[in-house]
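Take a look at the structure set out below.
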Amino acid sequence: MSIAKMQKVLIASYRTQAGELLNALQTAGVIQILNAEQAMVSKDYPELQSSAEKPRQLEEKLEKLELAITFLDKYAEKKGGIIAALAPKTVIEEKHFFKIASGTDNSEFIEKIRQLQREIENIKSETETITAQIQNLLPWENFTTPVEEIDKLNEAAAFAGFLSLKSLADMEKNCADICVIQKVQIRGNSAGCVVVCLRQDFQETQKALRSCDFESANFAGLKGTAGEIIKNCRAKLLELDKNLEEKTQQAKKFSGELLELQILADDCRNLLNRQKTQLSSPHTEQTVILEGWVKKSDLKTLNEITKRFSAVSVRQIEPSADEPVPVELENNRFVRPFETVTRLYGMPQYTNIDPTIFLAPFFAIFFGMCIADVGYGLMLAPVLWWLTRKLQMGKMAVMMFLMCCVTIILAGLITGSWFGDTFTSLIPEHSKAYSVLNGVREKLILFDPMKQPMVAIVITLAMGYFQIMFGFSIAMVNNLINKNFVGAVCDQLVWLVFLNNFSVIALIKFKVIPAGFMPVSIVIAIICALTILLFSIREGSWGARIGMGAFGLFSAVFTVGDILSYVRIMALGMVGAGLGMAINVLVKMLMDVPYVGFILGAILFVVGHTFNLAMSILGAFVHSMRLQFVEFFPKFFSSGGIDFTPMSKDYKYVMMKEVNE
């Protein structure tokens, strides 16, 4: 339950065995390999090379596979429903994967798919063109003159196109002496028409049409009447539809090989990553140098892998003083789900501590208190358990919420909330069910926050005070472990004494502690204040140190604000309980409706409380996380660490079946 200890290693391999070595390392997933720019060996030995060359052939192969998969995926039969959304990857056995990956070359089949895709795209493009042509010709369907003859008059000129009805009326009124207008068809607010004039009136007619926003019809390249052309186009569309159906059936047949293509793509992607790693690593003509990080617990595995190769050697090396060390969190199965919160904030630095084990109980308790309802916890738990069984990704976050269901139920038992006040508001008071259920509720309840809000406020403030003090204590212990004794005293111990001393003074004021302790408390407060003023900042000039120390002393007020912010836990719990009670009131009103009241009430009960639960989960997550990020973490934790990302097999489309399945 800490940050994994890391070891830097240097692996030297002959080029002839580098590919197989990288494959073994990628399968094991134990080492993060640095490229030539990151590797210290490149800086120590500048003569080592790194290739800017890219594995073009593999990249092109992967690109073709991805295009083929994207195309066939449209025609493949898919599992519908929520199960497919939760588990999009196909689960296969490892031996089946490698059988397909090591099979015959599929380049010819991929080329057939690409050719089929082009044919389908051409058919669709041609269909769109012909459909658009039909739409353009429809207004002229009843025009009996062949379209190619419109521009072939000897003594006259003809203009075919569209005019708005208003412009058409203006043309008929004002230009009757220079042209003749034949209306072909009126559609909406425009009319298809042919305007004919003598050659000598061509310029004047053209000018008049331009002023009326005349839209010319385009018959270029067409022969025959519009009706004949439309008839031929429709016949061509039928032929294209038939052809498209044939090609679609062929694509559906090809989609039966989609899984095989997905396996090939995943295998190609992993091979591409290995080749990129080899090319970007320092090397000579005969050797490849792999410098990287491995967890100390995996050194044995790494040594076993390298021993399989006769021309490979590995040795442990020391990192440079300012070299960043990647971070891997190691927690047990109960704490690991809460790494979700830590990773959202940022990975800890290698020399810092993993906050996950410290935040886990606080987050779970705060989350539970924000919802605090037995019914909601019992309703949420089976849903989350089912999700953990079906999800392929993001299981850790779901497991975290599932574990928080325990605190939701416990907080509900303590505060007496079972779907709000369902027992007291919806169950008849004199019934046996009421006496049993409400009897259990009253035996387990410790306080009702709706009736005793001050108790809830005191509890949340006490938890906030404890968490903040705990944060200072963690930082102090960490400084002591790192032998930073001055920091432990001046940055944490003095604050612990200073802040807790105010609590002692308050207890003396309320006569809980004898008044004789007051002088001692005042002296302690003065000593702590002077220490903070003079030594909280230990670098720079004394003027700057005292100035920053004064600001630090004033920040004690912010600590009080931090503690007060924990009241939000009580507020969220009471809001959820209040909304649940309001839903129950509406349900009771609906249940009084004759005949259908019980059904309507049941529907509202389920929908209303489901909505309340969803909103409560959102608020509980955001605010519980905020208390960790804003109030707790700054007391002892600083992010900025680099995540440990070992080279491993990555599968986009498939998931390997576990051995125990």
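The values are calculated or read from the model by the stated rules, or taken from the named source; none is laboratory data. Quick caveat, the model's predicted, so the values are computed rather than measured. Ideal geometry is used to build each Cβ from the backbone, glycine not excepted, and the neighbour counts take in all protein chains shown. Quick note on the areas: whole protein, heavy atoms, side chains included, nothing else; ligands and nucleic acids left out. Shrake-Rupley method; radii C 1.70, N 1.55, O 1.52, S 1.80 Å.
Which of the following residues is assigned to a loop (DSSP other than H, G, I, E, B) and either open to solvent by 50 Å² or more (accessible area, probe 1.4 Å) or in contact with a strand residue (DSSP E or B) (Cβ under 6 Å, 6 or more places away or on another chain) (or both): Ile537, Ile527? One residue alone meets the criteria, Ile537. Is one or more of the residues making up region 205-214 under 23 Å from Lys124 (Cβ atoms), open to solvent by 60 Å² or more (accessible area, probe 1.4 Å) and in a helix (DSSP H, G or I)? Among the residues of region 205-214, not one is under 23 Å from Lys124 (Cβ atoms), open to solvent by 60 Å² or more (accessible area, probe 1.4 Å) and in a helix (DSSP H, G or I), which makes the answer no. In region 182-203, of all residues being open to solvent by 20 Å² or more (accessible area, probe 1.4 Å) and under 19 Å from Thr225 (Cα atoms), the one that is nearest to the chain's Cα centre (by Cα) corresponds to Ile186. Just one residue in the set Ile459, Ile481, Ile474 is in contact (Cβ under 8 Å) with a residue 12 or more places away in the chain and open to solvent by 50 Å² or more (accessible area, probe 1.4 Å); that residue is Ile459. Taking the criterion of being out of contact with any helix residue (DSSP H, G or I) (no Cβ under 7 Å at 6 or more places or on another chain), more than 18 Å from Leu553 (Cβ to Cβ) and modelled with pLDDT of 80 or more, the residues of region 510-524 that qualify are Pro514, Pro519, Val520. Test Phe633 against the stated conditions and say whether it is open to solvent by 60 Å² or more (accessible area, probe 1.4 Å) and touching a helix residue (DSSP H, G or I) at 6+ places or on another chain (Cβ under 9 Å). So Phe633 does not fit the description; no.
Residues are listed down the side, and each one gets a yes or a no for (1) without any contact (Cβ under 8 Å) to a residue 60 or more places away in the chain; (2) among the aliphatic types (A, V, I, L, M); (3) under 21 Å from Lys451 (Cβ atoms):
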{"site": "Gly576", "(1), (2), (3)": "no, no, yes"}
{"site": "Lys588", "(1), (2), (3)": "no, no, yes"}
{"site": "Pro594", "(1), (2), (3)": "yes, no, no"}
{"site": "Val622", "(1), (2), (3)": "yes, yes, no"}
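Would you confirm whether or not region 78-95 contains a residue that is surrounded by 17 or more Cβ atoms within 10 Å (Cβ to Cβ), assigned to a helix (DSSP H, G or I) and of a type in the set (A, V, I, L, M, F, W, C)? So that I can check it myself, show each step before the final result.
To start, the set of residues in region 78-95 that are surrounded by 17 or more Cβ atoms within 10 Å (Cβ to Cβ) comprises 92.
Subset that is assigned to a helix (DSSP H, G or I): none.
So far as region 78-95 goes, no, none of its residues is surrounded by 17 or more Cβ atoms within 10 Å (Cβ to Cβ), assigned to a helix (DSSP H, G or I) and of a type in the set (A, V, I, L, M, F, W, C).
In summary, Glu121 fulfils each of the numbered conditions (1) open to solvent by 70 Å² or more (accessible area, probe 1.4 Å); (2) in contact (Cβ under 8 Å) with a residue 24 or more places away in the chain; (3) part of a helix (DSSP H, G or I) with the single exception of condition (2).
Evaluating Ala169 against the criteria (1) of a type in the set (Gly, Ala, Ser); (2) open to solvent by less than 20 Å² (accessible area, probe 1.4 Å); (3) assigned to a helix (DSSP H, G or I) leaves one unmet condition, (2).
Considering only region 148-162, I want to know if a residue exists there that is in contact (Cβ under 8 Å) with a residue 60 or more places away in the chain and at negative phi. If you could, list the steps in order and put the result at the bottom.
Filtering region 148-162 for residues in contact (Cβ under 8 Å) with a residue 60 or more places away in the chain gives 148, 150.
Checking the rest, the ones that are also at negative phi come to 148, 150.
Yes - at least one qualifying residue is present in region 148-162.
Quick check: is even one residue across region 232-240 of a type in the set (A, V, I, L, M), free of Cβ contacts under 8 Å to residues at least 24 places away in the same chain, open to solvent by 40 Å² or more (accessible area, probe 1.4 Å) and in a loop (DSSP other than H, G, I, E, B)? Give the derivation first.
Residues of region 232-240 of a type in the set (A, V, I, L, M): 235, 237-238, 240.
Next, only the ones that are free of Cβ contacts under 8 Å to residues at least 24 places away in the same chain stay: 235, 238.
This time we only want the ones that are open to solvent by 40 Å² or more (accessible area, probe 1.4 Å), so: 235, 238.
Those still in the list that are in a loop (DSSP other than H, G, I, E, B) too: none.
No, region 232-240 contains no residue that is of a type in the set (A, V, I, L, M), free of Cβ contacts under 8 Å to residues at least 24 places away in the same chain, open to solvent by 40 Å² or more (accessible area, probe 1.4 Å) and in a loop (DSSP other than H, G, I, E, B).
Checked against (1) surrounded by 15 or more Cβ atoms within 10 Å (Cβ to Cβ); (2) part of a loop (DSSP other than H, G, I, E, B), Leu553 meets all criteria but (2). For the subset of region 310-352 comprising residues that are hydrophobic (A, V, I, L, M, F, W, C), at pLDDT 90 or above and part of a loop (DSSP other than H, G, I, E, B), which member is surrounded by the fewest Cβ atoms within 10 Å (Cβ to Cβ)? Out of the qualifying residues, it is Phe334.
On the given criteria, is Trp418 surrounded by 14 or more Cβ atoms within 10 Å (Cβ to Cβ), at negative phi and more than 38 Å from the chain's Cα centre (by Cα)? Walk me through how you get there before you give the answer.
On the way: surrounded by 14 or more Cβ atoms within 10 Å (Cβ to Cβ): yes; at negative phi: yes; more than 38 Å from the chain's Cα centre (by Cα): no.
Judged against the criteria, Trp418 is not a match.
Among the residues making up region 1-33, those that are of a type outside the set (A, V, I, L, M), open to solvent by 10 Å² or more (accessible area, probe 1.4 Å) and not in a helix (DSSP H, G or I) are Ser2, Lys5, Gln7, Tyr14, Gly29, Gln32. Just to check your reading of the model, which residue among Lys247, Lys242 is modelled with pLDDT of 90 or more and in contact with a Leu (Cβ under 9 Å, 6 or more places away or on another chain)? Answer to the check: Lys247. For region 647-660, the criterion of being at pLDDT 90 or above, over 22 Å from the mean Cα position of the chain (by Cα) and open to solvent by 40 Å² or more (accessible area, probe 1.4 Å) is met by none of the residues.
The rows are residues; the columns are (1) in a helix (DSSP H, G or I); (2) free of Cβ contacts under 8 Å to residues at least 60 places away in the same chain; (3) surrounded by fewer than 20 Cβ atoms within 10 Å (Cβ to Cβ); (4) among the hydrophobic types (A, V, I, L, M, F, W, C).
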residue	(1), (2), (3), (4)
Glu246	yes, yes, yes, no
Gln250	yes, no, yes, no
Leu259	yes, no, yes, yes
Gln262	yes, no, no, no
Gly292	no, no, no, no
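A single entry from Phe629, Phe598, Phe637 fulfils the requirement of being in a helix (DSSP H, G or I), of a type in the set (Phe, Trp, Tyr) and touching a residue at least 24 places away in the same chain (Cβ under 8 Å): Phe629. Residues of region 313-357 that are farther than 19 Å from Ser638 by Cβ and among the hydroxyl-bearing types (Ser, Thr, Tyr): Ser313, Ser320, Thr340.
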